[in-house]
Ligand code: KG4
Ligand code: ZN
């Protein structure tokens, strides 16, 4: 059984074909990231326009790479939320049209849930992919950390899960992106902050951790604390514009701020993951979302948890169509509800 997955929730136009939930047949991603870099963040209108241009070539490439024609595809799965409204719309309208034109069943996919399913991909003939040796087993603790989400979820089985907690404001990836901007580091901020952090002292500055409910997160205070720290370091008051910070901070200060921020942000996630592990005793722990690429997160989690941690390939951690197609396969296998190709709408604020 083969499912075509379509993902356009942010700045990646992505499509992939997955067989039976675990076998990756193709994975094509066109990113408009370069167009956003000059603005220091994703510009929704530019992202939506790029999706319009890229979506059909990306889908055709995904089918070709998987050596599939439409006859080989059993269903179409598309992200309908959460994400940017204009971006989601392009993927959903395309998927609806293709489902009607080719007479295929259509499944609406929750983007955050899909991130977890990158961990179920365990087989591929595609070169350059490092996949998990075997799929995770239930109960499964999922640590979902991306530019839009910071959540902990406990899956008892496919489609039987509890959201233990989520961010009350900014996601951790967004905090990395904003801190990068304050330090004059390139977008996307995650990789550039962690690169700068390698040269810095993670214990140089003490930054605050938000006091929120047991498994919830909050990163907006930490972001502000980094701004105040930068202003204090150059002996300016709180109204000094963040945009001018990079030219006043020395490289050494930037490295130490990046390292101290990263340690604090990652510790927040790891502390709560450890707490959840101890309370629920899961058989597997998986990391999902773009921040899963963070080496400090992988290092701290390995130290904190008693079970060996495996990670999906980086190309499957950031937004992609394969995770959408994998979840789509499990929806088919578990007889989940179909979407109506004539009425499926986007839900930019969809929660898990
Ligand atoms: O999952 P993703 O591709 O998009 C969303 O669904 O949000 O995640 C992108 C986020 C960005 O905020 C990016 O800065 C962050 O993941 N990221 C990282 C790293 N690589 C990407 N954050 C920390 N460390 C990294 N190495
Ligand atoms: Zn994502």
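Points worth noting:
- With a Förster radius of 25 Å applied to the C-beta separation of residue 235 and residue 38, the computed FRET efficiency comes to 0.25.
- Directionally averaged shadow of region 192-314, computed from the convex hull of its alpha-carbon atoms, nm²: 8.5
- Rounded tilt (10° steps) of 220-233 against the dominant C-alpha axis of the chain: 30
- On full extension, the segment bounded by residue 248 and residue 283 gains 7.7 nm, given 0.36 nm per residue less the C-alpha separation.
- Where labels lie 7 Å past Cα in the beta-carbon direction, separation of residue 335 and residue 74 in nm: 1.5
- The chain: radius of gyration over Cα atoms, expressed as a fraction of 2.2 N^0.38 Å: 0.99
- Among 68, 317, 329, residue whose mean-square fluctuation peaks in a GNM of the chain (springs only between Cα atoms under 10 Å): 68
- Here region 17-45 is scanned for amide nitrogen atoms under 13 Å from the site 7 Å beyond the Cα of residue 53 along Cα-to-Cβ, giving 30-36.
- By average C-beta atoms within 10 angstrom, highest first, the peptides 252-260, 200-208: 252-260, 200-208
- Gain on full stretching of the segment that runs from residue 309 to residue 122 - 0.36 nm per residue minus C-alpha separation: 65.8 nm
- Remark: the residue 203-residue 216 segment gains 2.2 nm on full extension, using 0.36 nm per residue and subtracting the alpha carbon distance.
- Relative pair counts by distance (%), Cα atoms of region 307-352, 5 Å bins: 5, 14, 14, 25, 21, 12, 6, 2, 1, 0
- P(r) for region 1-116, from all Cα pairs and a bin width of 5 Å, is 2, 13, 23, 25, 20, 10, 5, 2, 0 %, short bins first.
- Helix 44-65 axis, angle to the chain major axis (alpha carbon atoms, nearest 10°): 50
- Per-peptide packing, taken as the mean over residues of other Cβ atoms within 10 Å, places 54-62, 31-39 in the sequence 54-62, 31-39 from highest down.
- 0 to 90° range, to nearest 10: angle between helix 295-304 axis and the chain longest Cα axis: 90
Each value in this text was obtained by applying a stated rule to the coordinates, not by laboratory testing. Computed from a predicted model, the values in this text were never measured in an experiment. Reconstructed Cβ throughout: ideal geometry from the backbone, glycine too, with neighbour counts over all protein chains shown.
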